[in-house]
Amino acid sequence: MVRAVARTVFHSRDAYARAFDRACACACVGWTALLLGEAFFTSERSRRITDACVSACVLACSVGYAIVLASVACGAGDVDGTRASFSSLAGVEALFESSAACCAGWIHYLAFDLYLGRALLKRERECGVPTVLRVCVTAPLTFVAGPVGYAWSAAATAAFGRRTESESEKETKSKTR
């Protein structure tokens, strides 16, 4: 039953191309909201709205990933099951010769890095890392190379450390003046 549904939904390469395009657009909306929220929206209400938007984009990409992955697992994609595996580099190369597997892998990347970017930027904000570093260094590094962004963020939060409550209150008061 699931195999029949997967083959109906993903009956051609065009279906995977559409899923790819939609996931890219969704991730673009999420990253844009995340960056604008970090750079310009400082009130608690605007941060909640930004977080909800980013969360919705992560969720949409995650659901899209699950659907594409299910179609691959059910045999709807063009994966060569005799060569594809995760146990060797050659097996992974064979897996990514498939447009279905490439689409699933890319959507996984988009969803995970957006999720990671949101978490890193929030942690950095709480630790007092300057906005310019969060927006101009952490976010691009996380988007392009997630683990490198994570390593940078760990170094930045260690360098800036946690601010005291009085420092956070002073910053908030100075912004409201």
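The values are calculated or read from the model by the stated rules, or taken from the named source; none is laboratory data. Everything numeric in this text was worked out from a predicted model, so none of it was measured. For neighbour counting, all protein chains shown are included, and Cβ atoms are generated from backbone atoms with ideal geometry for every residue, glycine included.
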Only one of (1) out of contact with any Gly (no Cβ under 6 Å at 6 or more places or on another chain); (2) surrounded by fewer than 14 Cβ atoms within 10 Å (Cβ to Cβ) does not apply to S85, and that is (1)
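Yes/no per residue for (1) modelled with pLDDT under 95; (2) assigned to a helix (DSSP H, G or I); (3) not hydroxyl-bearing (S, T, Y):
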residue	(1), (2), (3)
D14	yes, yes, yes
R18	yes, yes, yes
C26	no, yes, yes
G37	yes, yes, yes
L59	no, yes, yes
G64	yes, yes, yes
G77	yes, no, yes
A84	yes, no, yes
F112	no, yes, yes
Regarding segment 152-169, can at least one residue be identified that is β-branched (V, I, T), assigned to a loop (DSSP other than H, G, I, E, B) and modelled with pLDDT of 90 or more? no
Is it the case, given these coordinates, that L116 is under 21 Å from C24 (Cβ atoms) and modelled with pLDDT of 95 or more? yes
Among residues belonging to segment 104-138 that are small (G, A, S) and farther than 21 Å from E44 by Cβ, point out the one that is surrounded by the most Cβ atoms within 10 Å (Cβ to Cβ). A104
For segment 29-62, enumerate the residues that are aromatic (F, W, Y) and either free of Cβ contacts under 8 Å to residues at least 60 places away in the same chain or over 23 Å from L141 (Cα atoms) (or both). F40, F41
Pairs only if they're at least six apart or on different chains, beta carbon under 9 angstrom, first in segment 136-157 and within 18 Å of T32 (Cβ to Cβ), second hydrophobic (A, V, I, L, M, F, W, C) and not in a helix (DSSP H, G or I); list them, first residue then second. T138/V129
